[in-house]
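The values are calculated or read from the model by the stated rules, or taken from the named source; none is laboratory data. Since we're looking at a predicted model, the values are computed, not measured. Don't worry about glycine lacking a Cβ; one is built from the backbone with ideal geometry, like all the others, and counts go over all protein chains shown.
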Amino acid sequence: MKVVIISATYNEKGNIERLITILEEEVFPKIKNHEMSILVADDNSPDGTGEEVRKLMKKWKNVYISTGSKKGLGAAYIRGMTYAVEKMDAEVVFEIDADLQHDPLKIPEFLKKIDEGYDMVVGNRYSDGGSIPHNWPLLRKIFSIVANLFVKIVFTKFSVHDWTGGYRAIKKEVFLKEKDELTNYKGYIFQISFLHKAIRDGFKIAEVPFHFSDRTLGNSKIAPIDYILNVVAYVIFSRIKELILGKFGKFLAVGGFGFIINAVLYEILVRSTMLPLALSNLIAAQFAIFSNFNFNNAWTFKDQKANNIFSYFRKMIGFFTTSNTGVALIQSGTIQLGDMLYGEKYYRIYFLIGTFLLLIWNFTMYRKVIWRKNKK
Ligand SMILES: Nc1nc2c(ncn2[C@@H]2O[C@H](COP(=O)(O)OP(=O)(O)OP(=O)(O)O)[C@@H](O)[C@H]2O)c(=O)[nH]1
Ligand SMILES: [Mg+2]
């Protein structure tokens with residue numbers, strides 16, 4: 001395959017020379033089954049990185065440069081990847097930092113994963129032998145680990161360990177699919193958003209553990225406060241969007257409709273029969289549960305919906321059981337607990353808290369039990 005190793009650079013004159021030399025002399029000779037080239041995506045660095053690359057292009061014919069104005073790391077990579085795919089016929093592109101924090105000798109391991117059929121391979125500093133610099137100040141270590149953990153928790157995606165790193169191999173198809181959406185993420189947030197969208201679209205991701213060494217030459221380009229704000233905003237915003245547009249949003253819409261059925265029937269039963277209040281609500285709730293089941297089955301969880309009469313009834317019985325368990329134990333339980341602790345006065349607050357907990361219970365049960373995905 002045609003593989004292009006792309007390094008985005010801004011003022012990396014000394015580093016880029018070292019990186020290109022290692023790639024040409026130590027890494028590429030070991031790779032027999034791929035055609036290797038280098039592309040430097042430089043943003044007209046004032047220190048003369050571009051001129052340095054042009055000098056090296058005379059020595060090695062597989063070295064290229066793409067220059068542009070400085071719009072951030074992500075913008076430079078998008079420009080570079082576009083160039084690699086359109087002008088160099090790249091089938092696989094790499095991202096690698098110019099400052100040698102990403103050990104270039106690991107490239108064959110990334111390629112092995114690509115050969116095994118993975119679409120995107122990410123360098124992993126956080127598990128399976130990967131590591132961050134031992135000499136980093138404690139605060140920087142904590143920041144690095146916490147930032148990653150934060151992303152994993154909010155996205156509830158624990159299978160990928162390193163979300164923020166920039167040592168990756170990416171198949172052309174992944175880049176072309178995500179390119180248009182990625183243009184909104186020009187800075188370092190590019191790394192998280194790229195991986196996030198690739199996972200969302202079902203691309204196969206592999207990891208290669210590596211030791212992230214400390215920068216020895218030149219200056220860091222990352223602005224930590226800016227970066228933290230971008231990460232928090234991106235991760236939280238896109239997660240909320242995902243939930244609202246995804247299953248959780250549908251689940252809420254279905255539940256909202258069920259709530260109306262419940263409330264209206266409750267009102268009718270209370271006004272027109274002599275039944276006790278609790279029993280009226282219990283009866284009304286069964287109709288709501290029936291509606292919820294059918295809409296969730298046909299819409300929210302349609303990928304896992306019941307496909308024959310037996311599984312329909314089995315799922316419905318499960319649904320009624322978990323829904324009524326939730327109503328009886330969690331929702332009513334919260335109300336009961338509140339009543340015992342703080343008295344009847346705040347009965348609406350207990351109801352709201354109980355209902356909120358019930359929502360989480362129901363959604364989790366529906367997703368993990370009733371309409372759980374069958375493991376392939
Ligand atoms: N073209 C381009 N490259 C950039 C830009 N910002 C950062 N880079 C490059 O992206 C790579 C990673 O940047 P670094 O400053 O090393 O970020 P870091 O590794 O998180 O920080 P350190 O550990 O301090 O090195 C380097 O090769 C930089 O030159 C940019 O705006 N444009
Ligand atoms: Mg660096």
- Query: Does residue 86 satisfy the criteria of being closer than 21 Å to residue 207 by Cβ, more than 16 Å from ligand 1 (Cβ to nearest atom) and acidic (Asp, Glu)?
  - Reply: no
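Which of the helices (runs of 4 or more DSSP H) contained wholly in region 282-376 include at least 1 residues that are within 25 Å of the chain's Cα centre (by Cα), in the same structural domain as residue 269 (by TED's automatic domain parsing) and within 20 Å of residue 259 (Cα to Cα)? Quick ask: steps written out before the conclusion?
Working: elements: 309-325, 332-342, 347-365.
Ranges flagged: 347-365.
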- List the pairs whose first member sits in region 80-108 and is within 13 Å of ligand 2 (Cβ to nearest atom), whose second member is part of a loop (DSSP other than H, G, I, E, B) and aliphatic (A, V, I, L, M), and whose Cβ atoms are under 7 Å apart, counting only residues at least 6 apart or on separate chains? 99/217; 102/96
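From the set of residues in region 33-42 that are surrounded by 14 or more Cβ atoms within 10 Å (Cβ to Cβ) and within 24 Å of residue 108 (Cβ to Cβ), which is nearest to ligand 1 (Cβ to nearest atom)? Outline the logic, then answer.
Initially, region 33-42 is screened for residues surrounded by 14 or more Cβ atoms within 10 Å (Cβ to Cβ), giving 34-42.
Checking the rest, the ones that are also within 24 Å of residue 108 (Cβ to Cβ) come to 34-41.
Numbers: 34: 23, 35: 24, 36: 19, 37: 18, 38: 13, 39: 11, 40: 9, 41: 5 Å.
Here the answer is 41.
So for region 270-286 (the condition being among the hydrophobic types (A, V, I, L, M, F, W, C), modelled with pLDDT of 95 or more and crowded, with 16+ Cβ neighbours inside 10 Å), does at least one residue qualify? Please lay out each step first, then the result.
Within region 270-286, the subset among the hydrophobic types (A, V, I, L, M, F, W, C) is 270, 274-275, 277-279, 282-285.
Checking the rest, the ones that are also modelled with pLDDT of 95 or more come to none.
Within region 270-286, not a single residue is among the hydrophobic types (A, V, I, L, M, F, W, C), modelled with pLDDT of 95 or more and crowded, with 16+ Cβ neighbours inside 10 Å.
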- Query: Cβ-Cβ below 6 Å, separation at least six or inter-chain, first residue in region 54-73 and of a type in the set (Val, Ile, Thr), second outside any loop (DSSP other than H, G, I, E, B) and within 16 Å of ligand 1 (Cβ to nearest atom): which pairs?
  - Reply: 63/38; 63/56; 65/40; 65/53; 67/42; 67/50
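For residue 45, state whether it is among the hydroxyl-bearing types (Ser, Thr, Tyr), more than 9 Å from ligand 1 (Cβ to nearest atom) and modelled with pLDDT of 95 or more. Spell out the reasoning first.
On the way: among the hydroxyl-bearing types (Ser, Thr, Tyr): yes; more than 9 Å from ligand 1 (Cβ to nearest atom): no; modelled with pLDDT of 95 or more: yes.
For residue 45, the condition - among the hydroxyl-bearing types (Ser, Thr, Tyr), more than 9 Å from ligand 1 (Cβ to nearest atom) and modelled with pLDDT of 95 or more - is not met.
Give the residue, chosen from 264, 254, 231, that is within 30 Å of residue 128 (Cβ to Cβ) and away from ligand 2 (no atom under 16 Å from the Cβ). It would help to see each step written out before you state the result.
Details: 264 fails: within 30 Å of residue 128 (Cβ to Cβ); 254 fails: within 30 Å of residue 128 (Cβ to Cβ).
Testing whether each residue is within 30 Å of residue 128 (Cβ to Cβ) and away from ligand 2 (no atom under 16 Å from the Cβ) leaves just 231.
Is it fair to say residue 16 is within 23 Å of residue 119 (Cβ to Cβ), within 16 Å of ligand 2 (Cβ to nearest atom) and under 31 Å from the mean Cα position of the chain (by Cα)? Even if it seems obvious, please write down each step before you answer.
Details: within 23 Å of residue 119 (Cβ to Cβ): no; within 16 Å of ligand 2 (Cβ to nearest atom): yes; under 31 Å from the mean Cα position of the chain (by Cα): yes.
No.
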- With the checklist (1) away from ligand 2 (no atom under 16 Å from the Cβ); (2) touching a residue at least 40 places away in the same chain (Cβ under 8 Å); (3) assigned to a helix (DSSP H, G or I); (4) hydrophobic (A, V, I, L, M, F, W, C) in hand, flag the one item residue 243 doesn't pass. (2)
- Task: Please find, within region 98-150, the residue that is surrounded by the most Cβ atoms within 10 Å (Cβ to Cβ) out of those that are among the acidic types (Asp, Glu) and either assigned to a helix (DSSP H, G or I) or within 15 Å of ligand 1 (Cβ to nearest atom) (or both).
- Result: 99
